[in-house]
Amino acid sequence: MEHPAAPSVTADRPRAGAGFFKGHGLGNDYLVFPFGDGWAASPEAVRAVCDRWRGVGADGIVLHSPPEERPWRLRMFNPDGSEFERSGNGLRVFAACAASRGWVGGERFAVEVGGDRVRMRVEECLGRGVYDVSVEMGRASLDPADAGLAPEWRGRPLTHPAEGTLDCTPVSVGNPHCVVFTDDLSDVALSRLGPFLTAHEAFPAGVNVQLARPVSRACVEIGIWERGVGYTLASGTSSCAAAVAAAGRGLVDYGDVEVRMEGGTLQVSVSRELEVTLRGPVQAVAVGRLADGFMESLQPASRGRGLRPGEGTGSRSSGNKA
């Protein structure tokens, strides 16, 4: 399926319940909350909940509609408080949450997120709270316009003051990416190029950045800098973008591509039509509940901005992801 342009950000934010599920995909962790009446997911509240010292701590938040509703409606938020289109790992963490609570078995199921309908399946429970989850990410695009590249920059090289001309491939997998092919995946290179490209005027809405190095016809190594997050151990959509860019450039073969990151390895299947499937492990970490006092502390920043449960659950975007 083709991914439409991301809708603009608005001030409306849904309300969330107090209970949460926490899981991670190769170190990229998410909190899953139901829509509810406990707290409004304002930017300030999202930042507070994701804070690793003063909150629960996470790389992002996924809110979902009630378990009996199908397809589920999801909304996703970065730790900086911005809302984004989708996250491959966020989707897979939600799938692990649904499986752990008995909402799904081994069947395919659908969710609506970022203006698209996405199908997923829990392929297997591997034991010790680890789930093998696949996501049909839809059809990617190598059109720079779909990746958010400004018209005046199309066809122009991107140049870094220290690195020179960059070998960039813009990719959309439902959110925007800029894949930079380079032999240098060091932390120094990533910390230099990630912030530079994420905030570059060529990408007015921001972009997720991957430094990519093909190591065989079926394997790519990447370093990741996410919009709204920064350095990230692993990312589902970044893995998809790197595999799509490498296949489109003829650097790897279409089909199954292994994508290696610092956090671990994900499997990405890329067809010649750029239909993409993402697969890999998710670890269930914890279930819990925000304390009443903590939720009260979230209210002043969000008073008057939240909606009743389930209201305003359409797509919004501005941030990451992954």
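The numbers here are math on the coordinates, done by the rules we state, and not lab data. This one's a predicted model, so the numbers in the text were calculated from it and none came from an experiment. Cβ atoms come from the backbone with ideal geometry, glycine included; neighbour counts cover every protein chain shown.
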The chain, Gaussian network, Cα under 10 Å: of D132, D167, D116, the residue fluctuating most is D167
For region 192-225 and region 113-133, compute the distance between their C-alpha centroids and round to whole Å. 25 Å
With +1 on each Lys and Arg Cβ and -1 on each Asp and Glu Cβ, and nothing else charged, work out how big the dipole of region 1-128 is about its Cα centre, in Debye to the nearest 20. 280 debye
With R₀ set to 22 angstrom, the calculated FRET efficiency between the beta-carbons of R139 and A110, to the nearest 0.05, is 0.85
Each residue of region 55-60 in turn: what ³J(HN,Hα) in whole Hz from Karplus with 6.51, -1.76, 1.60 and θ = phi - 60°, glycine and Pro shown as x? x, 6, x, 5, 7, x
Sparse-neighbourhood loop hits (trypsin sites (Lys or Arg not before Pro), region 86-164; DSSP loop; Cβ within 10 Å at most 12 others) -> R101, R108, R128, R154
So how long is each side of region 116-179 along the principal axes, counting just the alpha-carbon atoms, biggest first, in Å? 49, 29, 11
Normalised by the residues of region 151-281, what does the relative contact order come to in percent, with Cα pairs under 8 Å and at least six apart? 18 percent
Given +1 on the Cβ of Lys and Arg, -1 on the Cβ of Asp and Glu, and no further charges, what dipole in debye does the chain carry about its Cα centre, rounded to the nearest 20? 600 debye
For the chain, what are the per-bin percents of Cα-Cα distances with bins 20 Å wide, up to the bin holding the maximum? 36, 57, 7
Kirkwood Rh in Å, taken over all unlike Cα pairs in region 151-281: 14.5 Å
Cut-off of 10 Å, at most 13 other beta carbons, DSSP loop: longest stretch of the chain lacking such GluC sites (Glu not before Pro): 108-200
Efficiency of FRET between R289 and V188 - r from beta-carbon atoms, R0 56 angstrom, step 0.05: 0.85
Simple label model, 7 Å out from Cα along Cβ direction - R128 to D12, nm: 4.5 nm
Could you work out the relative contact order of the chain? I mean the mean sequence separation of Cα pairs under 8 Å and 6+ apart, divided by the number of residues, in percent. 27 percent
What are the chymotrypsin sites (Phe, Trp or Tyr not before Pro) within region 32-70 that DSSP puts in a loop, where the Cβ has at most 15 other Cβ atoms within 10 Å? W53
Gain on full stretching of the segment that runs from R52 to E273 - 0.36 nm per residue minus C-alpha separation: 75.5 nm
